[in-house]
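See below for the structure under consideration.
The values are calculated or read from the model by the stated rules, or taken from the named source; none is laboratory data. Fair warning: this is a prediction, and the values are worked out from it, not measured in the lab. Glycine also receives a Cβ, built like all others from the backbone with ideal geometry; neighbour counts cover every protein chain displayed. To get the accessible areas, we keep the full protein, side chains included, count just its heavy atoms, and leave off ligands, DNA and RNA. Shrake-Rupley method; radii C 1.70, N 1.55, O 1.52, S 1.80 Å.
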Amino acid sequence: MAVEVTRFQELFGSFPTMVSVVTAMDANGRPRGLTCNAVSAVSARPPLLLVCVDKRSGTLDALLTSGSFVVNVLADGGQEAARICAGRSERKFAGLRWMPSAVAGGAPVLVDAVLAYAECVVVQTVEAGDHWIFIGRVEGAEVLPRSPVLYHQGQFEVWTPQARQVGSRP
């Protein structure tokens, strides 16, 4: 017998994960985005990653029709972007500074909020339970010298250089 939903959520909330905002452009050229911690590397050759998107997401149609997306991995200072994009507002991007991706169909790159970003072209979609899995080939990427935001037990935390020293090996 499968575990209950609340236990499943508790299980995956018990360890820190990166926080991302996945963005795409909808069929009318409007930016869409969702906060997501279900992002993972799939392959280095070719460079593939995956994102898992709830079927109830307001961004799902844009992801299904655009054929491309950006994974914006959030840095310290990106917490507000995460909160905004976790909501249902049609105007999520009104208060966020972004630039259009040159290789992901104009999907927003959240320039002020990111530690890194990956510009992806969808190569496969898989329906899995109450989610869709999008596998994207990374066509462009950037990594910036900023501290990452993590999500742990319902809270945002920043992984600082001091935290890295505590966890480092002698």
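Once you have a ≥ b ≥ c as the square roots of the Cα gyration tensor eigenvalues for segment 26-68, tell me rounded if a/c is under 1.5, and otherwise prolate or oblate according to whether a/b is larger than b/c. Oblate, since a/c reaches 1.5 and b/c is not below a/b. Legend: residues TRP132, TRP98, TRP159, sorted from most to least accessible area (1.4 Å probe; ligands, DNA and RNA excluded), read TRP159, TRP98, TRP132.
Label-to-label distance, THR125 versus ASP26, with points set 7 angstrom from Cα along the beta-carbon direction: 1.5 nm. The modelled label-to-label distance between VAL143 and ASN37, using points 7 Å beyond Cα along the C-beta direction, is 2.2 nm. Of all the options LEU48, LEU63, LEU11, the one that moves most in a Gaussian network model of the chain with Cα springs shorter than 10 angstrom is LEU11.
Averaging sequence separations of C-alpha pairs under 8 Å and six or more residues apart, then dividing by the length of segment 62-139, give the relative contact order as a whole percent. Could you put the intermediate results ahead of the total?
Values: 127 pairs, mean separation 27.2, N = 78.
Relative contact order comes out at 35 percent.
Annotation: extensible slack from GLU80 through TRP159 equals 26.8 nm (criterion: 0.36 nm per residue apart, minus Cα-Cα distance). For the options PRO108, PRO100, PRO145, a Gaussian network treatment of the chain with springs between C-alpha atoms closer than 10 Å singles out PRO145 as fluctuating the most. The relative contact order of the chain comes to 26 percent, based on Cα pairs under 8 Å that sit 6 or more residues apart. Of the listed residues PHE134, PHE93, the order by accessible area with a 1.4 Å probe, largest first, is PHE93, PHE134. Starting from the Cα gyration tensor of segment 61-127, take the square roots of the eigenvalues, sort them a ≥ b ≥ c, and report rounded, prolate or oblate (rounded when a/c is under 1.5, otherwise prolate if a/b is larger than b/c, else oblate). Note, shape of segment 61-127 comes out prolate. By a 1.4 Å probe calculation restricted to protein chains, LYS55 has an accessible surface near 80 Å², given to the nearest 10. The sum of -39500 (n - 2.57) across all DSSP H runs of n ≥ 4, divided by the residue count of the chain, sets its helix-only mean residue ellipticity at 222 nm to -5000 deg cm²/dmol. Between GLN155, GLN79, GLN124, the GNM of the chain built on Cα springs shorter than 10 angstrom shows GLN155 fluctuating the most.
Sequence gap at least 6, Cα distance under 8 Å: using those rules, report the relative contact order of segment 1-51 to the nearest whole percent. Walk me through the intermediate numbers first.
Numbers: 42 pairs, mean separation 11.5, N = 51.
Relative contact order comes out at 23 percent.
For a Förster distance of 22 Å, can you work out the FRET efficiency between the beta-carbons of THR17 and ARG91, rounded to the nearest 0.05?
Once the sixth-power term is evaluated, E becomes 0.20.
Given a Förster distance of 25 angstrom, what is the FRET efficiency for ASP112 paired with ASP61, based on the Cβ-Cβ distance and rounded to 0.05? Taking R0 as 25 Å, the efficiency between ASP112 and ASP61 is 0.40.
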